[in-house]
1. What are the nm distances, shortest first, from residue C:171 to its equivalents in the other copies, labels at 7 Å along Cα→Cβ?
2. For the range D:64-127, compute the orientation-averaged projected area of the C-alpha convex hull (one quarter of its surface), in nm².
3. Which whole-Hz ³J(HN,Hα) couplings does the range C:33-41 yield from phi under the Karplus relation 6.51 cos²θ - 1.76 cosθ + 1.60, θ = phi - 60°, glycine and proline marked x?
4. In whole Å, how far is the Cα centre of the range C:62-106 from that of the range D:93-116?
5. Label the range B:119-159 by shape, choosing from rounded, prolate and oblate, from the square roots a ≥ b ≥ c of the eigenvalues of the Cα gyration tensor; if a/c is under 1.5 it is rounded, and otherwise prolate applies when a/b is larger than b/c, oblate when it is not.
6. Find the centroid of the Cα atoms in the range D:133-192 and in the range D:1-40, then give the distance between the two in whole Å.
7. What relative contact order, as a whole-number percentage, does the range B:54-112 give when Cα pairs under 8 Å and 6 or more residues apart are counted?
8. Ordered shortest first, which distances in nm separate the 7 Å Cα→C-beta label point of residue D:55 from those of the other copies?
Protein chains: 4
Amino acid sequence: MPKVGMEPIRRRQLIDATIASMGEHGLADTTVQTISRGAGVSPGIIHHYFGGKDELLAATMRSMLVQLRSDVTERLAAAGPSPRARLEAIVDCNFAAGQFEPRVVAAWLGFWAQAPHNPALSRLQRINARRLHSNLRHSLRALLPPDRAERVTMGLAALIDGLWLRFALTGAMDGSEARAVALGYLDAELGA
Amino acid sequence: MPKVGMEPIRRRQLIDATIASMGEHGLADTTVQTISRGAGVSPGIIHHYFGGKDELLAATMRSMLVQLRSDVTERLAAAGPSPRARLEAIVDCNFAAGQFEPRVVAAWLGFWAQAPHNPALSRLQRINARRLHSNLRHSLRALLPPDRAERVTMGLAALIDGLWLRFALTGAMDGSEARAVALGYLDAELGA
Amino acid sequence: MPKVGMEPIRRRQLIDATIASMGEHGLADTTVQTISRGAGVSPGIIHHYFGGKDELLAATMRSMLVQLRSDVTERLAAAGPSPRARLEAIVDCNFAAGQFEPRVVAAWLGFWAQAPHNPALSRLQRINARRLHSNLRHSLRALLPPDRAERVTMGLAALIDGLWLRFALTGAMDGSEARAVALGYLDAELGA
Amino acid sequence: MPKVGMEPIRRRQLIDATIASMGEHGLADTTVQTISRGAGVSPGIIHHYFGGKDELLAATMRSMLVQLRSDVTERLAAAGPSPRARLEAIVDCNFAAGQFEPRVVAAWLGFWAQAPHNPALSRLQRINARRLHSNLRHSLRALLPPDRAERVTMGLAALIDGLWLRFALTGAMDGSEARAVALGYLDAELGA
DNA sequence: AATGAATGAGTCTTCATTCAT
DNA sequence: AATGAATGAAGACTCATTCAT
């Protein structure tokens with residue numbers, strides 16, 4: 001069934017299968033076979049479209065990052081200029097249905113664990129962390145004195161990651177609960 | 001030169017080498033060879049003392065958990081009955097020198113990523129989470145109304161994990177900063 | 001844009017690309033891809049025109065053989081009936097610009113190494129060897145007693161191959177030097 | 001059947017199996033499997049002792065070179081100071097029973113074809129060529145004027161290689177015939 | 001005529017594990 | 001108690017070949 005113009009379709013298919021496999025087996029047990037079987041194609045196709053497993057993994061992480069970024073951009077645009085609304089928008093992105101989903105969270109966790117030992121993943125991870133940080137800080141500086149803004153930025157960023165992590169590990173939480181905890185922190189720090 | 005009483009020495013040696021290897025190469029690239037080479041012994045010895053790699057990994061996680069637990073017990077004993085002091089003690093444990101160390105944090109991260117796909121690790125991880133949760137909740141209930149206590153428990157637990165995670169990923173933080181962020185959260189929530 | 005009469009053009013194009021690839025990567029690392037890329041066509045085309053890689057390789061060797069043969073025929077015709085002139089003509093062919101060229105010599109070497117394990121190549125190689133042998137012997141018999149003619153035939157044939165080989169391996173020689181060595185041997189044996 | 005001190009035994013065994021496989025299948029079709037099967041061991045053992053296939057191939061070529069070198073050294077010592085005797089000794093080495101054997105010659109041919117595309121093999125090949133060249137030239141200079149000595153050096157070296165090559169390709173020759181051709185060349189050049 | 005998508009067999013390599021010593 | 005020789009299954013990757021378009 002060879003067809004023309006399959007490239008974007010196959011790439012998406014393989015990236016989705018990678019996320020699915022990471023959700024099911026973890027990064028360590030995600031092989032070229034688990035991915036290709038999940039996508040319903042032959043193992044060789046991965047090298048045809050990505051050149052190798054490593055590049056597919058990097059492309060997968062990149063794809064998740066792009067998704068997150070476009071969510072944020074969109075919500076920030078809708079949030080208007082109010083700092084409080086912008087902070088809420090950022091929190092909302094991170095716990096929205098698309099991102100806060102077992103498979104996706106497990107994939108992030110796998111990448112996080114591998115990143116310190118893999119330059120490509122590390123770079124992507126750092127870009128993401130910096131962007132979140134910078135978005136939060138920008139709004140918090142409008143609401144708090146500089147040193148507190150800085151501390152709350154770190155806290156809120158860490159809290160978001162921590163809530164993801166606990167979700168990945170226990171599953172005993174849903175997006176709205178996580179959101180409530182994060183916004184509770186925000187209210188407490190802003191109200192003090 | 002057969003010696004007696006080598007067992008506890010060798011087990012500790014291998015567990016330490018496992019943590020070191022996880023810090024250096026990550027769980028995915030931690031092999032029986034990297035561990036045994038780090039410990040300066042032959043690969044076969046791992047099976048002699050642990051029966052296999054999996055059991056050594058579980059033993060390593062268990063060992064880190066035991067260490068954390070005894071730290072907490074000790075500090076809680078020293079903290080006295082004051083709920084605020086007890087909460088501080090728990091936070092302190094997590095960011096004390098011994099625990100908040102690159103190798104150890106990387107090892108935790110590796111185990112976290114693997115836990116959802118490995119019953120033994122998952123069990124240990126759950127026990128740890130539950131204990132932290134229960135310790136925090138017990139003290140928070142003395143300071144806050146039940147529903148808020150519950151939410152702050154989740155928040156503080158997630159924040160602690162999130163700070164660890166960011167430390168593992170960026171290294172741009174030390175124990176005292178992390179501690180300040182966590183206690184800042186606590187103060188904000190209690191003060192509100 | 002289907003064109004007519006593309007067959008001879010494509011076949012030549014692919015054979016040239018095969019020689020080029022063998023010169024650059026060696027036979028072992030000459031793949032359908034290195035060839036088709038060098039020819040600027042798709043990999044599938046090789047099977048269209050040659051039925052497979054093996055047949056293309058055989059066709060390439062055959063083409064080199066045909067080239068050599070026609071050179072020899074032409075030069076022998078020009079050399080006239082003198083045995084000495086005919087021997088010189090044969091030597092000249094082997095070290096003329098077209099044949100004594102890095103890519104071509106490397107291709108020959110690759111085929112030589114493969115021939116003992118490949119019936120098709122072996123057959124071609126044997127035909128070539130026999131023709132050279134017979135050409136040399138025919139002229140040498142006019143100049144030397146039978147047993148010496150036979151030995152010098154073997155010697156001259158081996159010397160020609162050996163000079164090629166050293167050129168392939170070291171490159172530290174050009175056609176005129178090689179020619180001088182071969183003719184020096186001839187003179188020494190004839191003069192003795 | 002694990003034993004101690006197997007290293008030298010296994011290394012030799014694997015090198016011999018490599019030569020045998022190259023003789024039977026050619027370098028191109030010599031795989032880790034053909035070698036290990038020939039040696040009666042598992043494929044993994046190659047990486048245990050050589051780190052990989054490439055290093056085994058290089059070790060094999062090195063071993064053949066060492067063998068040739070020690071033969072030459074020994075025969076030259078026995079030949080005494082006479083230049084003619086020394087030249088004969090060198091020729092004899094190359095066509096002695098141990099070296100002039102189908103498997104070994106096929107292995108040399110495989111390495112020759114691969115050398116131009118493989119730095120490690122190329123280096124070994126160059127060392128060998130230089131040594132032969134230098135040995136021949138040293139004795140020839142005692143018998144001929146400089147420029148002729150140089151040309152005969154090239155000729156004799158090429159002739160030796162060419163006789164090997166023809167033996168590899170046709171098998172229609174034995175050591176004593178090859179020896180006679182080479183010495184015939186020498187006599188002709190010296191006698192002229 | 002020509003492409004390039006897709007396959008699957010085969011290659012090298014890694015690695016946990018076993019076992020004679 | 002400890003070694004390290006040896007295995008074999010599994011991994012990523014390559015490549016000649018096929019085939020719908």
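Please treat every number below as a calculation from the coordinates, not as lab data. This structure is a prediction, so every number in the text was calculated from the model and none was measured. Cβ atoms come from the backbone with ideal geometry, glycine included; neighbour counts cover every protein chain shown.
1. Nearest first, the other copies' label points are 3.6, 4.4, 6.3 nm away.
2. 4.6
3. Coupling constants for the range C:33-41: 6, 4, 5, 5, 5, x, 8, x, 10 Hz.
4. Spelled out, the Cα-based centre of one part sits 28 Å from the other.
5. prolate
6. 34
7. Contact order relative to length: 30 percent.
8. Residue D:55 label point versus its equivalents elsewhere: 2.9, 3.2, 4.3 nm.
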